[in-house]
1. Would you please name the residue that is nearest to Q54 (Cα to Cα), looking only at residues in segment 150-175 that are at pLDDT 85 or above and surrounded by 17 or more Cβ atoms within 10 Å (Cβ to Cβ)?
2. Sort out which residues of segment 109-141 are surrounded by 14 or more Cβ atoms within 10 Å (Cβ to Cβ), closer than 11 Å to Y174 by Cβ and not charged (D, E, K, R), and write them in order of number.
3. Checking K109 against (1) more than 27 Å from T151 (Cβ to Cβ); (2) in a helix (DSSP H, G or I), only one condition comes out false. Which one?
4. Limited to segment 35-57, what total is found for residues that are charged (D, E, K, R) and surrounded by 15 or more Cβ atoms within 10 Å (Cβ to Cβ)?
5. Are any residues in segment 34-47 of a type in the set (A, V, I, L, M) and not in a strand (DSSP E or B), and if so, which ones?
6. So F16 clears everything in (1) within 16 Å of the chain's Cα centre (by Cα); (2) farther than 16 Å from K91 by Cα; (3) modelled with pLDDT under 95; (4) surrounded by 15 or more Cβ atoms within 10 Å (Cβ to Cβ) except one condition, right? Which one?
Amino acid sequence: MMRSKIEEKFPKQDFFSFNSDKIFVMDYSNQTKRTKGLECSDVFPADILPFIIQNGIKLDISFCLFKENTIKLANENKERSHCEGVFFPDKNAEKTWYVFLELKYPKRKNLGENLSKARKQLIFTLDLFRKQGIIETKKLVYLIFSAPNFTDKTPFENWSMKPDELRKIRKTKYAIMRGVNSMEVISNEALKI
């Protein structure tokens with residue numbers, strides 16, 4: 001259902017399906033000067049650190065990868081900066097989760113700037129999905145930004161968002177925003193982040 005809604009509003013997106021116990025997401029854009037971009041695999045990459053999805057229950061999960069220059073605003077003919085893509089279980093449930101993901105591989109000096117940009121990309125993409133009717137207005141979703149070249153604690157402990165800002169996003173956007181480098185699938189209705 002989620003896939004068909006995305007395809008209707010934003011055709012020509014790439015979809016990947018997995019039911020392996022681990023899923024790895026990597027962004028090679030900076031490393032290869034954009035000759036290679038975002039990739040998903042069930043094999044740990046040898047050449048880059050990934051965002052990791054632990055899927056011990058082997059739930060069928062889809063990932064919609066948003067290609068460059070393909071998500072355009074309705075009634076506008078311009079590209080906006082969006083997140084990498086969205087994960088969701090193939091089988092919907094009453095409280096099915098959706099995870100919007102943005103990956104960054106910054107140098108330490110650019111960390112704050114990159115994380116700030118990631119927040120904007122995630123919120124923009126979520127707002128667009130709600131505006132297009134792909135995700136209901138009050139459906140709780142996860143907005144995840146990741147910096148895999150740092151440990152979980154390092155980039156996110158100095159993250160400049162205050163608890164009040166996170167509460168406001170939860171209340172106004174119906175979204176839980178987190179900075180992590182991995183997550184665990186518990187069921188098609190629950191995640192451990």
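1. Among those residues, the one meeting the criterion is A175.
2. Matches in segment 109-141: L126, I135, L140, V141.
3. So K109 meets the others, but not (1).
4. 1
5. Matches in segment 34-47: V43, A46.
6. (2)
Rundown of residues vs (1) in contact with an Asp or Glu (Cβ under 8 Å, 6 or more places away or on another chain); (2) under 23 Å from Q13 (Cβ atoms); (3) assigned to a helix (DSSP H, G or I), yes/no style:
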residue	(1), (2), (3)
C83	yes, yes, no
N114	no, no, yes
K117	no, yes, yes
L122	yes, yes, yes
L126	no, yes, yes
G133	no, yes, no
T137	no, yes, no
T172	no, no, yes
E189	yes, no, no
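Here's the yes/no breakdown for (1) touching a helix residue (DSSP H, G or I) at 6+ places or on another chain (Cβ under 6 Å); (2) under 20 Å from T151 (Cα atoms); (3) assigned to a loop (DSSP other than H, G, I, E, B); (4) modelled with pLDDT of 90 or more:
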| residue | (1), (2), (3), (4) |
| --- | --- |
| P11 | no, no, yes, no |
| M26 | no, yes, no, yes |
| T32 | no, no, yes, no |
| I53 | no, yes, no, yes |
| F63 | no, no, no, yes |
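The values are calculated or read from the model by the stated rules, or taken from the named source; none is laboratory data. These numbers come from a predicted model, not from an experiment. Positions of Cβ are generated from backbone atoms using ideal geometry, with glycine treated the same way; all protein chains shown enter the neighbour counts.
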